[in-house]
Amino acid sequence: MPGPTSTATAGPQEALALAERYRAAGGDPDVYGIQVEDGPEGVPRIVIRTRNADQADATFRRQNTSVTTHLTTKEGASFKKGYFIDVFGPDGRLIHRMDARP
């Protein structure tokens with residue numbers, strides 16, 4: 001699935017609503033879209049859209065932990081099989097991709 005073309009690109013309503021709940025719970029204010037989709041082999045794929053262009057690994061790790069914690073504790077998601085995560089920056093480019101399967 002391709003990412004957004006820019007932060008002006010509206011994500012699906014569900015992704016915007018999930019990100020709003022995440023931010024309201026104290027999540028990263030730059031995250032404006034979060035989707036959890038079916039990925040290959042039944043492993044969920046998390047797609048994050050952010051206004052933050054910082055590609056530093058520390059930023060990604062902090063954001064990854066924050067989003068996945070919110071999804072499991074507040075949204076009831078399960079990542080027993082692990083997950084894939086894609087983070088798209090403000091210009092729509094993929095800035096991080098990770099395979100977090102055990």
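Data for the structure
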| quantity | calculated |
| --- | --- |
| Label-point separation in nm, residue 23 to residue 72, each point 7 Å along Cα→Cβ | 2.6 |
| Accessible area expressed per residue, the chain, with surrounding protein chains retained (probe 1.4 Å, Å²) | 55 |
| Choice from 49, 62, 21 with maximal GNM fluctuation in the chain (Cα, 10 Å cutoff) | 62 |
| Taking region 19-75 and dividing mean pair separation by its residue count, relative contact order in percent (alpha carbons under 8 Å, at least six apart) | 29 |
| Region 9-85 - percent of accessible surface contributed by carbon and sulfur, probe 1.4 Å | 50 |
| Length-normalised contact order for the chain - Cα pairs under 8 Å, 6+ apart - percent | 30 |
| DSSP-defined antiparallel bridges as percent of all bridges, the chain, nearest 5 | 70 |
| Full-stretch length increase - residue 14, residue 97 - with 0.36 nm per residue and alpha-carbon distance subtracted | 27.7 nm |
| Long-range tail of P(r) for region 34-79 (Cα pairs > 14 Å, %) | 55 |
| Of 33, 92, 82, the one that fluctuates the most in a GNM where the chain has Cα springs shorter than 10 Å | 82 |
| Nonlocal amide H pairs with residue 32, under 5 Å, H built at 1.01 Å | 49, 50, 51 |
| Bins of 5 Å from zero: percent of alpha-carbon pairs in the chain | 3, 13, 27, 27, 21, 9, 1, 0 |
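The values are calculated or read from the model by the stated rules, or taken from the named source; none is laboratory data. The structure presented is a predicted model; accordingly, all values stated were derived computationally and were not measured. Using ideal geometry, Cβ is built from the backbone for each residue, glycine included, and neighbour counts are taken over all protein chains shown. Note: accessible area is taken over every heavy atom of the protein model, side chains too, but ligands, DNA and RNA are not part of it. Shrake-Rupley method; radii C 1.70, N 1.55, O 1.52, S 1.80 Å.
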